[in-house]
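Beneath this line is the structure, given in structure tokens, with notes to follow.
Since every read-out is calculated from the coordinates, none of them should be taken as a lab result. These numbers come from a predicted model, not from an experiment. Neighbour counts run over all protein chains shown; Cβ positions are idealised from the backbone, glycine included.
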């Protein structure tokens, strides 16, 4: 089964967030945590219900901390 339009939008939002981390000059900046919430809501508000956006933000924050703490 191919991803539907909304699934593709979710994937693109995730890709965009992770891509920003890849290009940042300060992975330790606390701004990244705020950006996760703000950008995900801006990208997916009206597409996903708020509880699903919150779950996605939690998952992205977990990934962020894993990446940030990898030495």
Going by the structure shown, is residue 31 over 12 Å from the mean Cα position of the chain (by Cα), surrounded by 13 or more Cβ atoms within 10 Å (Cβ to Cβ) and more than 18 Å from residue 59 (Cβ to Cβ)?
no
Failed criterion for residue 22 (all others in (1) closer than 18 Å to residue 69 by Cβ; (2) surrounded by 13 or more Cβ atoms within 10 Å (Cβ to Cβ) hold):
(2)
Please list, ordered by first then second residue, the pairs with beta carbon atoms under 7 Å, 6 or more apart or interchain, first in the range 1-26 and on the phi > 0 side of the Ramachandran plot and touching a residue at least 40 places away in the same chain (Cβ under 8 Å), second surrounded by 10 or more Cβ atoms within 10 Å (Cβ to Cβ) and part of a helix (DSSP H, G or I).
none
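Can residue 66 be described as in a helix (DSSP H, G or I) and surrounded by 11 or more Cβ atoms within 10 Å (Cβ to Cβ)?
Working: in a helix (DSSP H, G or I): yes; surrounded by 11 or more Cβ atoms within 10 Å (Cβ to Cβ): no.
When the stated conditions are applied, residue 66 does not pass them.
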